[in-house]
1. What does the convex hull of the alpha-carbon atoms of the chain project to on average, in nm²?
2. Net charge around LEU218, counting only other residues with Cβ within less than 11 Å of its Cβ (Lys, Arg = +1; Asp, Glu = -1)?
3. Sort 42-52, 24-34, 278-288 by packing, meaning the average of other beta carbons within 10 Å per residue, with the highest value first.
4. Between beta-carbons, use under 15 Å as the cut-off and find the net charge around SER285, counting Lys and Arg +1, Asp and Glu -1.
5. On alpha-carbon atoms, Rg over Rh for the range 329-452 using Kirkwood Rh?
6. Nearest 20 debye, what's the magnitude of the dipole of the range 271-488 about its Cα centre given +1 on Lys and Arg Cβ and -1 on Asp and Glu Cβ?
7. When the helix-only estimate is applied to the chain (DSSP H runs of n ≥ 4, each -39,500 (n - 2.57), divided by the residue count), what is the mean residue ellipticity at 222 nm, nearest 500 deg cm²/dmol?
8. How many angstrom lie between the Cα centre of the range 72-130 and the Cα centre of the range 347-389?
Amino acid sequence: MNIFGWKASPFSEEETAGKWIVFGMVSIGVFMGTLDASIVNISLPKISLFFQAPLSGLVEWVIIAYLIVIAGTLLTLGRLSDMIGREAIWVTGLAVFTVGSALCGAAPSLLFLVISRGFQGLGGAMTMSVSPAMITHAFPSGERGKALGLIGAVVAVGTSAGPTLGGVITQALSWRWIFYINVPIGIMGIIAAIRLLWEPIRISSAKKRFDPVGAALLSISMTLLMLGMSFGREAGWVSSTIVWIFATAAVLMVTFVLVERRMAHPIVALSIFRNRLFSAALISSFLSFLSIFAVMFLMPFYLEDLLLFQPGHACLVLTAVPLTISSVAPLSGWLSDRFGSQVLSSLGLAVASIGLFFLSRLTQQASLFGIIWPLIVVGFGQALFQSPNNNAIMSSVPENRIGIASGFLATVRVLGQGFSVALAGAIFTSMGGAQAGAVLARNTAQPAGPFQNAFVHAFHVALLTCMVIASIGVFTSLVRGQSRPTAN
């Protein structure tokens, strides 16, 4: 039974079950992608030991290859989905991800594993790039925010479950099973999607010509950008190699814009940015990830190096953020369907800013409750912001631009998270926090006081910077106005 079909409105009133089947299918891909992005980290030491390779070498690329491929292909895949169909891209992506997972699990060498992770990342990018578009197309405007909020909850659950599940699987079985676990789930998802959602590939008119030059410029520039962020902290942000990478990425991006302005059928129709609601909401989304993701990066150092928590205990404390997001995101999405998104998203970033401020006041004497409640406030603010803002972005574009809007939504998340780690890490390290944390973690006989003070100061400055960024996001969210979808 093909319950999706292709109509001007994909579901009649009698087909209400159909949209939730679409939601279920999308949830499978989203959960697998977000789970895999976080589940691998905990197994890197075992992978390093198995292949007898240092963690600082090729092993890093097990994570980096996955992220770079995703960042480099999201927007191009979003454009392709507008051209040939979203379900075709999504089902193909799930198949690629599943095959990539099997190859990763069976990897005979570390290089083979890295290449397979890149292939797996391509599949992840295909599902990530079209998932919001599929939800937007399937649900009417009055229910779209709720559905996007539920997807946000799935993302939060997948992210939070990754480290714990990865640790259990690696300990009970082996690191290979963190990849093999995706295979049966992926196969079932593919079979169900083909039976229920499949649509014919639809390349028909000259209006849908693909722009290979623009796609190449965009992919290479985004890949270089992620590459620079991945190695900037290790190589030094002002090292000649990192400066060259960022400079080349900037030149290619400027070239991309100039080329796209002259193309009849560009990868990205730059006219989409004339829509103030779309542009401002996209900027707000980037600022939210830039400011809030740093919490998940810095807090493990605070908990483990300064307070000497065990990694497992630190992980449990940090689940306060994704658990709060998964609880609140569906509600905030539903509220945006009823009352609009502008006030909710602005209020959300304001709440997150308050949480960041109180996190920046933590010291070495903080109680467990004193740590958890600001984390809950940050998670609540992020959830209150994200679902309404995503709803605004996806509802602000016309039908023939939903795919590229979905690609932008995923891209700003990836870039925001990458820049967040780079910025917070640069501030924390340059102010001596990383060095002080390393001394404290070793429990040396040296007096702890000066190192604790240095750590806390660097930690405070990094989080206060994030608070300022989130506050700017409040402003961009407030001034975006109410705009209608552009005609083309």
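Each value in this text was obtained by applying a stated rule to the coordinates, not by laboratory testing. Note that the coordinates shown come from a computational prediction; the quantities given were computed from them, not determined experimentally. Every residue, glycine as well, gets a Cβ built from its backbone with ideal geometry; the counts of neighbours run over all protein chains shown.
1. 22.5 nm²
2. Numbers: positive: ARG79; negative: ASP211, GLU260.
Net of charged neighbours comes to -1.
3. Top to bottom by mean Cβ count within 10 Å: 278-288, 24-34, 42-52.
4. Spelling it out: positives minus negatives among the neighbours equals +3.
5. Checking Rg against Rh, the ratio lands at 1.12.
6. On the way: 9 positive and 4 negative charges, 105 e Å.
That gives the range 271-488 a dipole magnitude of about 500 debye.
7. Mean residue ellipticity at 222 nm (helix-derived): -26500 deg cm²/dmol.
8. Here the answer is 34 Å between Cα centres.
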